[in-house]
Every structure is written in C-alpha cells, then in structure tokens.
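The values are calculated or read from the model by the stated rules, or taken from the named source; none is laboratory data. Given the structure is predicted, the values throughout are model-derived calculations rather than measurements. For neighbour counting, all protein chains shown are included, and Cβ atoms are generated from backbone atoms with ideal geometry for every residue, glycine included. Surface areas here come from the heavy atoms of the whole protein model, side chains and all, with no ligands, DNA or RNA. Shrake-Rupley method; radii C 1.70, N 1.55, O 1.52, S 1.80 Å.
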Protein chains: 2
Amino acid sequence: MLSKNKIRFIRSLDTKKVREEEDCFLAEGNKLVNDTIRYFDCRLLVATEQWLEQHPDIQSRETITATKEEIRKCSLLKNPQEVIAVYRKPEHPIEIEALKGCLVLALDTVQDPGNLGTIVRIADWFGIRDIVCSETCADIYNPKTVQATMGALARVRVHYTSLADFLRQIHPSPVYGTFLEGNAIYREELSGNGVIVMGNEGNGISEAIKPFVERKLYIPNYPPGAETSESLNVAIATAITCAEFRRRTR
Amino acid sequence: MLSKNKIRFIRSLDTKKVREEEDCFLAEGNKLVNDTIRYFDCRLLVATEQWLEQHPDIQSRETITATKEEIRKCSLLKNPQEVIAVYRKPEHPIEIEALKGCLVLALDTVQDPGNLGTIVRIADWFGIRDIVCSETCADIYNPKTVQATMGALARVRVHYTSLADFLRQIHPSPVYGTFLEGNAIYREELSGNGVIVMGNEGNGISEAIKPFVERKLYIPNYPPGAETSESLNVAIATAITCAEFRRRTR
C-alpha cells in the first residue's frame, strides 16, 4: 500500500531542487529498472506483486508492493509500467590522471534533457566512460534524461564541474571540438585519448571555452558546398564524431 | 485582426485528419518560416506588423497582421514568435528511374515525430534528397516534425508509399539496412547509390521488409564485445550510416 506521502515524494523528484536535497533520482519502467538496478543503490522500489515475484533477487532498502493504479499515481510517464525505482545518486569524483589516458566527452551548456540522455547512450556505445558537463548543462538526473539514456547511465559517469578548470587540468591531453569553420574530421589526425567538447544547441561552444580547443573539427556536408541546414543537432554531431574517433583506433 | 475561425483553423492543423482534408500544414517561428517560405506555396501567413515590415518580399495567398497575443492564441509552440505560416503540402511523385542513381533513405515504421524530423535534417546535411516512408511512419507534416527538421524539409522530398512495393521497383539498386547481426559497416563496400533502410524504434526492420535488404550493416560498438546499450537510437544510427556512406564517396 502506497501512502500519499510516498506518492508525493516520488512525484517531487521531477524537480532538480528536491533531487539535490534528497540526493536521489527516479528510474521508471520494467526495462529501465531491470537494466539499471544492479548498478545503483536503490533507496525505494515500488512495484506490482507480479513484477516482484518475477524479480526475486532485486535489492532495495525499502520495497513497496503497489497496484498498477497506485503506480500510475506517482508515475511521470505517459504510459506507466509495473515498477518505479528511487536510486541514490552515484558518487564518482573526476580522476584527472586516469582520464588523461581515455577519450572523454565534455559538454558545454547542452541544455535539452533529451539530447543529454541520447549523448550518454552514444558514449556508452563507443566506450566513453566519462562525460564532463558544465554546470549549465541539463541535469542528468532529470527523469526525461534518465529515460532517454535507456539504461546507459549505469555504465557512463556524468560529472558536473567548471569546464574551464577541467580543460586546464587535463592538459596536455588533446582537446577537440566541432566548429563550422573547423577542418574536415576525415582529414585530421584523431587520437585514442583526449577530450571532445560539444557545444550548446543554439550557440555552439562558448567564448570562454573556445581558447582551450586546439583541434577544431568539422563534419563535412555532402556534396561539399551544397546548400544545406546550418548545422547538425548536437547529439547527431556527437555520434558522428565519436564513431569516427573509434573507427580510427579500431 | 485574426478571426476566431482562423485561430480554430490554424490550431486544427495539429491533427493529421485536418492536414489531409486541407492538404496543408503549419510552420511556426521567425527562423523556420524565413528558411522555408520561398520553397512552399504559402496559403496563409499570420505575422506581426513589425515582422511583415522586415520581410517586404514575402509571398502569400493571404496575409493577416496580428498582435503577439493573437499569435499566441493560435500557436502550438511553448514560446510563440512573430509569425505562423500555413503551407500547401508539396507534390513530388516518386521517380523510380531517377532514384536508381541516388542514395535514398527508406524508413520502416519510424514512429517518433522528433526522430523523423531529425532524420530529415540528417538527410539534408548528407545530400540525400528523397526519403521513402512506409505508411506506418510518423507524419512528416506533424507540427513537431516540421519544427524538428529546422527547415531541412524545404530541401528533402518525403514520400509515403508501400515500402515493399518501392523496394521491389528500385531493383537492382543495392538495398542496405542496419541489423545487430549485420557486418561491420567499416569493412563493407558501400556504393554512391542505393537504398538505406532504417527500422522502427523498438523493433527494427520488420519481417516483411527484411527479405529486401541484401546488405546487412552493423555499427560496431567500442571496444568490440564490451557490455553496452542494446542499440543506438534510430536517428543516431541513420546519422552514422549516412556519414560513412558519404565519407567513402568523397
């Protein structure tokens, strides 16, 4: 039986302020919870009797059996399913020295929750284990973002910090970024380590961050010089860039 | 002055049924209308006095000057701007013989309006001028999709037809598709013409379409064999695939 207080608590995790105060976030849906629960410290699990019977090994600090109707009441999804989990936010400090040997994504004010979630999924696919976000990025624990990661959040560490400080510290790792006036990515040398900076949806990489980007890349349109869209969506540009980095080091 | 009837008419274009009956669709916002109006037959333009003064050469069958408040009343956007256009749907029959020499995208039940819009933008970037959609795909004239194309809709022809019939007719053009059990795209021969089939968000390419796909491609994750997400989002996979085709023919 799910109390009104619990319903209110779960729904309140839609706001960043509450997520920060409570240090936790929401994951919803059979597949997402199934894919993520063994990676996180589960503070509260709300599920139907049937779901719990089918998942006898699930670990949670508190488990509440609920009807589908009760789950619908606390769900933020259009089509609520049989399970909702409240996870404690994971702690993962930035380990600069270790990151110097890896390929890392850095996001400069990527503000759309869906884009951020999609980028986490892309990072997961291409074996990028750390994403460093400016404080001005969307919150990775926004329920929309968590859903968009499709479980990839369990395998990718997302950090928030001053991007300028991070880029200063990561030196001498190469820092790449995509710019409309950059060099065609296919003709540039790409390394197995380094930082790929992706910019804001409307404004690209900010003036404060530009000086750190010594290798400017451009995803050429086709045929060269044809009239086309002004730019690619940031998640799309991230995907093509990561794919090309990994193609080279294959 | 914008009548109640006109407001009702504009808002009703949110539904596919009305768009089909009226044979028209909506484009909203200063940038989108600016980027698209010269490509379409504009049936109705609703704009502020200031916008109209700044765009003296704009052609429309009917133009109504409205206040921002009136525009807000008919807008489907969260943040309405100074202009709304109602365009007649363009007519562009599928020209099979011409398409045999081109690279074409075919979408098999891509159902998310945002994904479809993003795919149109990707096609535009990579010089793919025709997208053939199954009748079960999202409607390209859904206002959400039109917005997501960011104006690319003006340069990409989107057709709806039986995908099986189209693939039968396009023979002997090569037909590619992405499958989790396909061959690594980087090791396959890719041609400058042919059809790239992309499948549904949840289920991939349907059983009815699979037999037409003779070249099965796979976007390898990194490092090979690592635990990762089950798949990439369909727009992301489309982007990486199109980029790789165009990289080869550069």
**Subset of the stretch B:77-121 that is of a type in the set (D, E, K, R) and more than 14 Å from chain A (Cβ to nearest Cβ) - its residue that is farthest from B:ASN203 (Cα to Cα)** = B:GLU82
**Fill in**
A:GLY202 meets each of (1) of a type in the set (Gly, Ala, Ser); (2) over 30 Å from B:LEU103 (Cα atoms); (3) open to solvent by 10 Å² or more (accessible area, probe 1.4 Å) with one exception, condition (2)
**Request:** Kindly list the number of the only condition in (1) modelled with pLDDT of 95 or more; (2) open to solvent by 70 Å² or more (accessible area, probe 1.4 Å); (3) within 21 Å of B:GLN169 (Cβ to Cβ) that fails for B:GLU91.
**Result:** (1)
**Request:** Using the structure shown, decide if A:THR109 is touching a strand residue (DSSP E or B) at 6+ places or on another chain (Cβ under 6 Å), surrounded by fewer than 24 Cβ atoms within 10 Å (Cβ to Cβ), within 22 Å of A:LYS4 (Cβ to Cβ) and at pLDDT 95 or above.
**Result:** no
**Request:** Could you check, for the stretch B:225-246, whether at least one of its residues is within 14 Å of chain A (Cβ to nearest Cβ), among the charged types (D, E, K, R) and buried (at least 21 other Cβ atoms within 10 Å of the Cβ)?
**Result:** yes
**Request:** Kindly establish whether B:ARG250 is more than 9 Å from chain A (Cβ to nearest Cβ), open to solvent by 10 Å² or more (accessible area, probe 1.4 Å) and among the basic types (Lys, Arg).
**Result:** no
**Prompt:** within 8 Å of chain B (Cβ to nearest Cβ) and not basic (Lys, Arg) - does that describe any residue in the stretch A:181-197?
**Reply:** yes
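In the set A:VAL86, A:VAL120, which member is in contact (Cβ under 8 Å) with a residue 60 or more places away in the chain and in contact with a strand residue (DSSP E or B) (Cβ under 7 Å, 6 or more places away or on another chain)?
Working: A:VAL120 fails: in contact (Cβ under 8 Å) with a residue 60 or more places away in the chain.
Being in contact (Cβ under 8 Å) with a residue 60 or more places away in the chain and in contact with a strand residue (DSSP E or B) (Cβ under 7 Å, 6 or more places away or on another chain) holds for just one of A:VAL86, A:VAL120, which is A:VAL86.
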**Prompt:** Here is a list of conditions, (1) open to solvent by 50 Å² or more (accessible area, probe 1.4 Å); (2) within 30 Å of B:VAL86 (Cβ to Cβ); (3) out of contact with any Ser or Thr (no Cβ under 8 Å at 6 or more places or on another chain), and B:LYS210 meets all of them except one; can you say which number that is?
**Reply:** (2)
**Message:** So, in the stretch B:153-166, exactly how many residues are closer than 23 Å to A:LEU232 by Cα and in contact (Cβ under 8 Å) with a residue 40 or more places away in the chain?
**Reply:** 5
**Request:** Hey, can you tell me all the residues within the stretch A:121-141 that are under 10 Å from the mean Cα position of the chain (by Cα) and not hydrophobic (A, V, I, L, M, F, W, C)?
**Result:** A:ARG121, A:ASP124, A:ASP130, A:ASP139, A:TYR141
**Message:** Anything in the stretch A:153-180 that is within 14 Å of chain B (Cβ to nearest Cβ) and either of a type in the set (D, E, K, R) or over 19 Å from A:ARG246 (Cβ atoms) (or both)? List them, or say none.
**Reply:** A:LEU153, A:ALA154, A:ARG155, A:LEU180
**Prompt:** Only one residue in A:LEU180, A:LEU167 is at pLDDT below 95 and touching a Phe, Trp or Tyr at 6+ places or on another chain (Cβ under 8 Å), so which one is that?
**Reply:** A:LEU180
**the stretch B:137-152, residues that are more than 10 Å from every other protein chain (Cβ to nearest Cβ), open to solvent by 10 Å² or more (accessible area, probe 1.4 Å) and touching a residue at least 60 places away in the same chain (Cβ under 8 Å)** = B:ASP139, B:TYR141, B:ASN142, B:PRO143, B:GLN147
**Complete:** B:ARG129 meets each of (1) open to solvent by 10 Å² or more (accessible area, probe 1.4 Å); (2) away from every other protein chain (no Cβ under 14 Å); (3) closer than 17 Å to B:PRO93 by Cα with one exception, condition (2)
**Item:** Selected residue (only one of A:ASP130, A:ASP124 is in the same structural domain as A:SER173 (by TED's automatic domain parsing) and under 23 Å from A:LYS16 (Cα atoms))
**Value:** A:ASP130
**Spans of helices (runs of 4 or more DSSP H) in the stretch A:1-69 with at least 1 residues in contact with a helix residue (DSSP H, G or I) (Cβ under 8 Å, 6 or more places away or on another chain), open to solvent by 20 Å² or more (accessible area, probe 1.4 Å) and aliphatic (A, V, I, L, M)** = A:4-12, A:16-22
